[in-house]
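Student: Handing you this structure, nothing more for now.
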Amino acid sequence: MAGGRPTLVLASGSPRRRELLKRLGLPFTVRPPAVEEAPVANEAPCEGALRLAALKARAVDGDWVIAADTVVEVDGRPLGKPRDVAENEGFLRLLSSRPHLVHTGLVVVAPSGERELVSTTTVHFRRLAAWEIAAYAASGEGLDKAGGYGIQEKGMALVEKIEGDFFTVMGLPVAALWESLDRLGYPLAEVWRA
C-alpha cells in the first residue's frame, strides 16, 4: 500500500501500459503473466481481446489486478503482433488508405468483484508510400504491437484520424479503467491528493 492506496498489479509487460498508469499516479507493480496468446478459431477479434485480458488477469496473484489485451481488426480479420519485418510490411500495406478497428479488452479484478469490458476505436490510416511501409517496418517499432504500428511513437505519422478513445489504441482505455476502479471501490480520491 502507498499512502492508503492499494498497490495495483499490472498483468502486462507493456511499457505503454506502465507509462499510462504512472501518469495517472496509481501505485503499481508489474507481473507479466505466462499466457499463450494464440487465437481461437472463429473467435471475433473483440472477443479474443477480452478472453486474453481475462486469462492474463487470472494468471497473476494480487488483490487489485489490471490486465489488457489489444487486437487490431481489418475486414473481420484479427492482426496480432507481426512475426517479422516482412509480415509487418504486409500489415501496413493492408491498413494503408483505410479504416480498421482497435479493440482493447480490459479486466480489473478487485476484492469487491471484477469488471470486464472491451473498448473499440476506429483508426484511419492515410495512403502510405511504399518507402514509408518499408522504412517503418524496418525500424522494428511495430514488431511488438498489435497491427504492427505504435500510434504514440513514429507510427503516429501513419494515422490520418481516429474515432474513439486514443488510449484504447495505445493499449489501455484510461477512462474505462478509472471508472472501473471507482466502481470497484478503489480510493481514487487519494491518488489525486498524493
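Student: Pull out the extension gain between Glu114 and Lys154, defined as 0.36 nm times the separation in residues minus the alpha carbon to alpha carbon distance; nm, one decimal.
Tutor: Extra length available between Glu114 and Lys154 comes to 10.9 nm.
Student: Then there is this: Can you compute 3J(HN,Hα) from phi for each residue in the stretch 42-58, using the Karplus curve 6.51 cos²θ - 1.76 cosθ + 1.60 with θ = phi - 60°, rounded to whole Hz and x for Gly and Pro?
Tutor: 6, 8, 5, x, 5, 5, x, 4, 6, 4, 5, 4, 5, 4, 5, 4, 8
Student: Stokes-Einstein diffusion coefficient for the stretch 8-193 at 4 °C in a medium of 1.567 mPa s, Rh from the Kirkwood formula over Cα pairs: what value in µm²/s?
Tutor: After rounding, the answer is 77 µm²/s.
Student: Can I ask one more? Any chance you could check the Cα centroid distance between the stretch 100-123 and the stretch 130-159 for me, in angstrom?
Tutor: Taking the Cα centre of the stretch 130-159 as reference, the centre of the stretch 100-123 is 24 Å away.
Student: If you don't mind, there's one more thing I want to ask. I want to make sure I understand the PRE zone here: with the label point 7 angstrom from the Cα of Ala59 toward its beta carbon, which residues in the stretch 75-111 have backbone N atoms less than 18 Å away?
Tutor: Only 80-83, 104-109 fall inside the zone, counting backbone N under 18 Å.
Student: List every residue whose amide H lies under 5 Å from the amide H of Leu79, counting only residues 5 or more places away in sequence or on a different chain, with H placed 1.01 Å from N in the peptide plane.
Tutor: Val72, Glu73, Val74
Student: So the label point goes 7 Å from the Cα of Ala130 along Cα→C-beta, right? Which residues of the stretch 71-95 then have their backbone N under 20 Å from it?
Tutor: Answer for the stretch 71-95: 85-95.
Student: Mind checking the full-extension length gain between Ser96 and Thr122? Use 0.36 nm per residue of separation minus the Cα-Cα distance, one decimal, nm.
Tutor: Using 0.36 nm per residue and subtracting the Cα-Cα distance, I get 8.0 nm.
Student: Once phi is turned into ³J(HN,Hα) by the Karplus curve 6.51 cos²θ - 1.76 cosθ + 1.60 with θ = phi - 60°, what whole-Hz value does each residue of the stretch 152-161 show in order, with x for glycine and proline?
Tutor: For the stretch 152-161, the Karplus curve yields 8, 10, 4, x, 4, 6, 7, 8, 7, 6 Hz.
Values quoted throughout were computed directly from the atomic coordinates according to the rules given, and no laboratory measurement underlies them. Bear in mind the structure is a predicted one, so any value in this text is a computation, not a measurement. A quick note on method: Cβ atoms are made from the backbone with ideal geometry, for glycine too, and the neighbour counts reach across all protein chains shown.
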